[in-house]
Amino acid sequence: MTSIATLLHAARRRAITVTAFLLAAVIAVALITVMTGKYPLSVPEFFGVIAGQGNALDQYIVFGVRLPRLLLGVLAGASLGLAGALFQSLLLNPLASPDLLGISGGAATAAIIATLILGWAGPLVTLAAFGGAFLIAALIIAASRSGTGSGHRLILTGVGFAFLTSAVIGFIIKRAQINEAQSALFWTIGSVANSSWTSVTLVGVTLIVALPAVIYASRVLPIIQMGPASAVSLGVHDARARRILVVTAVLLASGAVAVVGPISFVALCAPAVARRAIGYGTAALTASACAGALMLTASDLAAQNLFGGAVPTGVITGAIGAPYLLWLLGSSTKGHSL
Amino acid sequence: MTHRPSRRRSLLVILLSISVVIAIFASLAIGARAIPIPDVIAALTNYDPSNNNHLVVVSQRLPRTLIAILAGVALAVAGTLMQGLTRNPLADPGLLGLNGGASLAVLISIVVLGWSNPHVFVWAAFVGSGLAAVLVYSIAARGGTGANPITLALTGAALTAGLTSISMFILTTDQQALNNFRFWSVGSLTGRGLDTVAAVLPMLLAGLILAIASTSRLNALALGDQLAQGLGYSLTTSRLMIIGATVLLSASATAMAGPIVFLGLVVPHLLRSASHGDYRWLVALAAPAGATLLLVADTVGRVIALPGEVEAGFVAAFIGAPIMMWIIQGKKSVSV
């Protein structure tokens, strides 16, 4: 008994260490992000502005531009990391992410239709994207409801929708004016550049709404992963728990992609990194959220400073994430346990 | 007696072959200008250049019909090979990074080499998809367990996403590149001449022969790596043969018709149960089915949005995706 207790203690301590390290990294990136750029602020200047001092320009730079962009990166990154971790643990598939399941495609399609065809702008587009993501998610869940709950049907249906939405997007982009086509392209990559307090609020609210379910998930996921029979004998209503967790993952993913677009690799990579650092077999929810936030904020810091800030954040996450995952696959002695 | 699987499968091959012939005639006859079947036949047998109907059939519809048949066969067979290789019914040629590589190579040829002629994109696409496949295989083979199906799938997905990022970087910063690229990237059969077909045909045929030669290896691989080895097949040789055939086939198709993504996934998926898991039959069924689907998609695309056209790649996705979801619904359990 003592040995198991010691092991559990060691595992918990490792999880806490990893999470603390990730959090510290997020804070470091955050401080660099708000203080550097074309209009640098020193440490005392920055905290002065936070305290309400400084001129109007300083106030605008910090509260109007940098803080919303930073917070959006943190919140959307955390949401994507959590959503990816939930999907991957529930469906037992390391490739499961909002992209593969067509949820990001739904958001992108709705947003592109809203801007290019209906001529909407601003928060209305975000709302349309949120609706699109949720609509696709609802269709996938409805279509796979009669399944055994193993998730295969959910994945296959999602892949079908992902193809369908990308066909619709290609169709619209081909026919649009070239300027409009380029602005529509944003919705196929994703970026946190178009941040505002409204978008921060939307992602923040979905994260807060999802939080109780995430706490519930951290308790039931290890039990669900033992299989339905064990789960029921341990007093967990397997099917209902799965439903709650899928809806939670969908909510988190929809809130994030509605605002920042289908940023590649965060939902796929952050949970993989967290699991590798903490140890396989755990869902590593908190660490996945921190890793997602770190990935998105660090990528956005790079996006703001490289190539004159013209590159969308999603390009950087893919350019960083892909080589990392490839290295992981090439070097791992058992790549399939990723 | 009609329940014997071999007879049912032969019947299905015959039915699919008939449907190809019907689809060919439909593709030659239907369009913005409807041409009666006797005129179509006359144009093929007794060509008269002064007859407008004959001119349309021979100079416009014949090349794209030919491309639809060849690209459809190539994509469907390539998809079959990929699903067999990775033992994953979700696999399609794009999984090896082929589409990502082709797209990036076309973009580089636009931006760096200053090309803008779609005819030369053919070669960029060919080189790009080949390089991507080599890269995916060599990275996946470095892992401790060799290029096993799951590592291959993950590596392909990762490389595709990485290459797409670079493509997106070019597209968001260079408007002219986007303008040239978006017309290539939609998967259309128009504007490609018979010279393209002639240039690509040897590679396509080589891929097809290699594919047919590797069907018995696919059957062995389906039993698992160890059993396949026990049956005397080298895993590395088998995988290299299958990947080589896939690259030749799908690169030829991409070169002729642009990246048409859905066909390679959906056609083998639809025919899996009819073939009873025998890859010799699956290839024989997938080839005519792929040709039919792409011919129908192209023909439908010509007439649903008159006076304009909808590209075959879109129509294939709009037809194929609902069919696939409907089939998933019908199955009791789906194994991935």
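The values are calculated or read from the model by the stated rules, or taken from the named source; none is laboratory data. These numbers come from a predicted model, not from an experiment. Neighbour counts are summed over all protein chains in view; Cβ atoms, including those assigned to glycine, are modelled from backbone coordinates with ideal geometry.
General observations
- Looking at B:L75, B:L62, just one residue is of a type outside the set (F, W, Y) and crowded, with 24+ Cβ neighbours inside 10 Å, and that residue is B:L75.
- Test: residue in region A:270-282 that is in contact with a Gly (Cβ under 6 Å, 6 or more places away or on another chain) and either within 14 Å of chain B (Cβ to nearest Cβ) or part of a helix (DSSP H, G or I) (or both): yes
- B:S116 away from chain A (no Cβ under 14 Å) and modelled with pLDDT of 75 or more: no
- Of the residues A:A110, A:A56, A:A78, the single one that is buried (at least 21 other Cβ atoms within 10 Å of the Cβ) and without any contact (Cβ under 8 Å) to a residue 60 or more places away in the chain is A:A110.
- Region A:13-34 - residue that is free of Cβ contacts under 8 Å to residues at least 12 places away in the same chain and of a type in the set (G, A, S) and, of those, farthest from A:N305 (Cα to Cα): A:A20
- Close pairs from region B:158-174: first facing another protein chain (nearest Cβ under 8 Å) and closer than 11 Å to A:F265 by Cβ, partner polar (S, T, N, Q) and part of a helix (DSSP H, G or I), Cβ under 8 Å, at least 6 apart: B:T164/B:S103; B:S165/A:T317
- In the condition set (1) farther than 23 Å from A:T286 by Cα; (2) out of contact with any helix residue (DSSP H, G or I) (no Cβ under 7 Å at 6 or more places or on another chain); (3) assigned to a helix (DSSP H, G or I), A:A10 is compliant with all but (1).
- Filter result for the condition that a residue is under 21 Å from B:L11 (Cα atoms) and surrounded by fewer than 24 Cβ atoms within 10 Å (Cβ to Cβ), over B:L270, B:L240, B:L293: B:L270
- Listed by position, the helices (runs of 4 or more DSSP H) enclosed by region B:8-120 that each have at least 2 residues that are among the β-branched types (V, I, T), in contact (Cβ under 8 Å) with a residue 12 or more places away in the chain and under 19 Å from B:A287 (Cβ atoms) are B:62-86.
- On the stretch given as region B:249-293, residues that are outside any helix (DSSP H, G or I) and among the β-branched types (V, I, T) total 2.
- With respect to the conditions (1) modelled with pLDDT of 80 or more; (2) surrounded by fewer than 24 Cβ atoms within 10 Å (Cβ to Cβ), B:G277 falls short on a single one, namely (1).
- Only residues that are away from every other protein chain (no Cβ under 11 Å) and at pLDDT below 80 were counted in region A:293-338, giving 1.
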